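The values are calculated or read from the model by the stated rules, or taken from the named source; none is laboratory data. Keep in mind that this is a model prediction, so the values were computed, not measured. Positions of Cβ are generated from backbone atoms using ideal geometry, with glycine treated the same way; all protein chains shown enter the neighbour counts. Heads up: the accessible areas ignore ligands, DNA and RNA and are worked out on the full protein's heavy atoms, side chains in. Shrake-Rupley method; radii C 1.70, N 1.55, O 1.52, S 1.80 Å.
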Amino acid sequence: MRRIFLVIMAVLAVTALPATAQLRLPPIGVPPLGNVTDAVGDTVQDATADATRVAGHLLQIRDNRIAKLLRSHPDSIERDSNGDPARRGELFLLDAPPEALAIARQAGFVVRDTEKIEGLDIELVRLIVPRSLSLADAEEALRDLLPDATVSADNLHFPAGGAAASAIPVMLAASATSIRSAVGMIDGAPGNHVRPSSIRGFVEGAPYPSNHGSAIASLLRYAGIKDFRVADVYGTDPAGGNALAIAKALGWLTQGGAKVISISLVGPRNALLEKAVASAQRQGVIIVAAVGNDGPAAPPAYPASYNDVLAVTAVDGRNRALLEVGKARHLDYAAPGANLRVRNAEGERTRVRGTSFAVPLVAARAAAHTGSRSQIVAQLDKEAVDLGKKGADDTYGRGLLCGDCRP
């Protein structure tokens, strides 16, 4: 049993790394995993190792990944007051009283600028923290100084998927039905082989092709989406995937008429992004997001955990929940997310695994229906195939969508 457990951990460690590499650094293609994963694929899927130990190790993998990122980019990224990674030396003020800026200046904060996020009716002040303070200390000090304002770090979000870990490839076929509703995608940019209706970058170096963004765009197209718009929130920026970039992307897509927005990213709860999500939803946008792949012991994933976001988990080719799936504060649906064959940034076919890749399939199904959010959700519930315990549960949500996306 111990040997099985170690095999599981080794495979999960391999699959945890490519997702970060694909977007944090200039994409160079998904690295091959070799024959090892083929040999142990069945073992990984069938093992019944102690769930608590598995969850704990997944959490350690997550923590190690974040620590490595902080070491690699000390000039761009540091931890906020909750210990989560964020853009270095910058805080946001939202809903600040008139006297707030004067108080902040007196304490040594410098006003960088005031920004209005187009399409979402959100205004924020960007503050540079005093050089004598860490981001965490500055955040706590500012909250003490301005208890009536909302203070937020610019937290980073990570892609929720990577290279495949088992050996049962599933090729998604293009949907026989063309879905005309506009779907937005917040991620990295796809390669030139996938041409979105429009694309815009929200960070340094964007748009810049990435493997993860290429995979998501491929899946949207395979699922029948003809009009998809891409917001690149990674580019070549070491602090890509930040909350401000995602909020601006939400505003651009909402203003442009996207009916559904697919977000295959995970991060901590963030006040700015929470307001942005709520504003887009008030305008009728349905947001679909991943629960992540950091295991059940990890903190709840956001934006999947924000109110009324459709939180999506993933299953393998036999409709079993992936071992590494994370959690959100609620769960809505499951969709295929293992060994899906997609295109990477260079246009090459590769296999992917993770909750990231279930999200565009659910987004496509939401875009296929009409009506208000509640009407669309009701239609999705009728379409969903109940798995596991009868009725909604913590493993599959209210059921499997897009199960027939497999031949």
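For the pair residue 341/residue 60, report the inter-label distance in nm, with labels modelled 7 Å from Cα in the Cβ direction.
3.7
So how far apart, in nm, are the two label points at residue 67 and residue 372 if each is 7 Å from Cα heading toward Cβ?
Calculated label separation equals 5.0 nm.
Test of understanding: what is the full-extension gain from residue 105 to residue 197, defined as 0.36 nm times their sequence separation minus their Cα-Cα distance?
28.7 nm
Sort 142-154, 352-364 by packing, meaning the average of other beta carbons within 10 Å per residue, with the highest value first.
352-364, 142-154
Once both labels are modelled 7 Å past Cα along the beta-carbon direction, what's the residue 255-residue 112 spacing in nm?
My value for the distance between the label points is 2.0 nm.
Tell me, what is the 1.4 Å probe accessible area of residue 316, in Å² to the nearest 10?
10
For the stretch 115-274, just the Cα atoms, rotate onto the principal axes and tell me the three extents in Å, largest first.
Rounded to whole Å, the extents work out to 58, 36, 25 Å.
Just the number please: accessible area per residue for the stretch 324-407, 1.4 Å probe, all protein chains included, in Å².
Heavy-atom accessible area per residue stands at 43 Å².
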